[in-house]
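I have placed the structure first, in the form of structure tokens, so that the comments after it can refer back to it.
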Amino acid sequence: MLTMGAVRIVVMVAGVAALPEMVPPARALDGQRTPNVEMSPMEAFRSGTRALQAGENDKAIVSLQYAAEKGHAVAQWKLGRMYELGDGVPQDDIKAFRYFSTIANMHADDSPFLPEARFVSSAFVALGRYYLTGIPNSNIRADADRAREMFRYAASYFGDADAQYHLGRIYHEGRGVPKDPRQAARWLQLAANKASPRPRRCSAPCSSTAAIRSRARRRAD
């Protein structure tokens, strides 16, 4: 199992562990600068999500960045996803990678039973995807070994179905490792077993479970 120290080495080597463009602590969460206004990270996160729902992206980003700077893992994950997808912000893989790296560095040893654990495991999966392909015009190069470490940690420690699926594909395709049908079948079957029998709407990271089950079973056969 990947230890916390190993996670730090893997992520810090890329030189992008710091959060991007943090807002000054004195910036109010309505998008204005208001000294002596302090909110808790949770209050800032809730303010940001309300602003997103209202379509007020600028206010939302200020609030979420404030919460992220204060160590709120879900705010960090949300910003990472927004930059990864270009959802309400210009698409920026480097910023996304930084947010996901911060989560991995700070929360790798969190209990997998905490409500926030799914966001932590999702961050590891996102890092694994980035390491599979690299990020063009950056110092983040394709590295199948690091990708496998990210997926293995999320798959083993957090039991993440997406990570298990990606890990199975790595062994199936022999990406950075010799092809291993037994390991591939093991991880793909674990992913398939976690698939929910009914689709659900996801406001948090969750697998496309029907797709995972279908793909995993085909791979495992």
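The values are calculated or read from the model by the stated rules, or taken from the named source; none is laboratory data. On a predicted model such as this, the values are computed, not experimentally measured, just so you know. All Cβ positions, glycine included, derive from the backbone under ideal geometry; neighbour counts span all protein chains shown.
A few remarks follow.
- Condition check for Ser111: hydroxyl-bearing (Ser, Thr, Tyr), touching a helix residue (DSSP H, G or I) at 6+ places or on another chain (Cβ under 9 Å) and more than 23 Å from Arg175 (Cα to Cα): yes
- Unmet requirement for Arg217, which otherwise passes all of (1) charged (D, E, K, R); (2) modelled with pLDDT under 55; (3) part of a loop (DSSP other than H, G, I, E, B): (3)
- The C-beta contact set for the range 171-184 (first residue assigned to a loop (DSSP other than H, G, I, E, B), second residue surrounded by 13 or more Cβ atoms within 10 Å (Cβ to Cβ) and aliphatic (A, V, I, L, M), distance under 6 angstrom, 6+ apart or interchain) comprises Arg175/Ala144; Gly176/Ala144.
- Taking (1) more than 20 Å from Ile61 (Cβ to Cβ); (2) in contact with an Asp or Glu (Cβ under 9 Å, 6 or more places away or on another chain) in turn, Gln91 satisfies each apart from (1).
- Failed condition for Gln164, given (1) among the polar types (S, T, N, Q); (2) closer than 22 Å to Ala44 by Cα; (3) crowded, with 24+ Cβ neighbours inside 10 Å: (2)
- Condition met for Arg141 (over 22 Å from Gln189 (Cα atoms), among the basic types (Lys, Arg) and in contact with a Phe, Trp or Tyr (Cβ under 8 Å, 6 or more places away or on another chain)): no
Residues are listed down the side, and each one gets a yes or a no for (1) at pLDDT below 90; (2) part of a loop (DSSP other than H, G, I, E, B):
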{"position": "Val16", "(1), (2)": "yes, yes"}
{"position": "Met22", "(1), (2)": "yes, yes"}
{"position": "Gly55", "(1), (2)": "no, yes"}
{"position": "Ile61", "(1), (2)": "no, no"}
{"position": "Gln65", "(1), (2)": "no, no"}
{"position": "Val74", "(1), (2)": "no, no"}
{"position": "Tyr83", "(1), (2)": "no, no"}
{"position": "Pro90", "(1), (2)": "no, yes"}
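- Check on Arg129, basic (Lys, Arg) and under 30 Å from Gly55 (Cβ atoms): yes
- Check on Gly128, surrounded by 24 or more Cβ atoms within 10 Å (Cβ to Cβ), on the phi < 0 side of the Ramachandran plot, assigned to a helix (DSSP H, G or I) and under 16 Å from the mean Cα position of the chain (by Cα): yes
- Yes/no for Asp145 being over 26 Å from His72 (Cα atoms), in contact (Cβ under 8 Å) with a residue 24 or more places away in the chain, acidic (Asp, Glu) and surrounded by fewer than 19 Cβ atoms within 10 Å (Cβ to Cβ): yes
- The lone exception for Ala161 - which of (1) modelled with pLDDT of 95 or more; (2) hydrophobic (A, V, I, L, M, F, W, C); (3) over 24 Å from Met82 (Cα atoms) it fails: (3)
- Test: Ala54 is more than 22 Å from Ala126 (Cα to Cα) and without any contact (Cβ under 8 Å) to a residue 12 or more places away in the chain: yes
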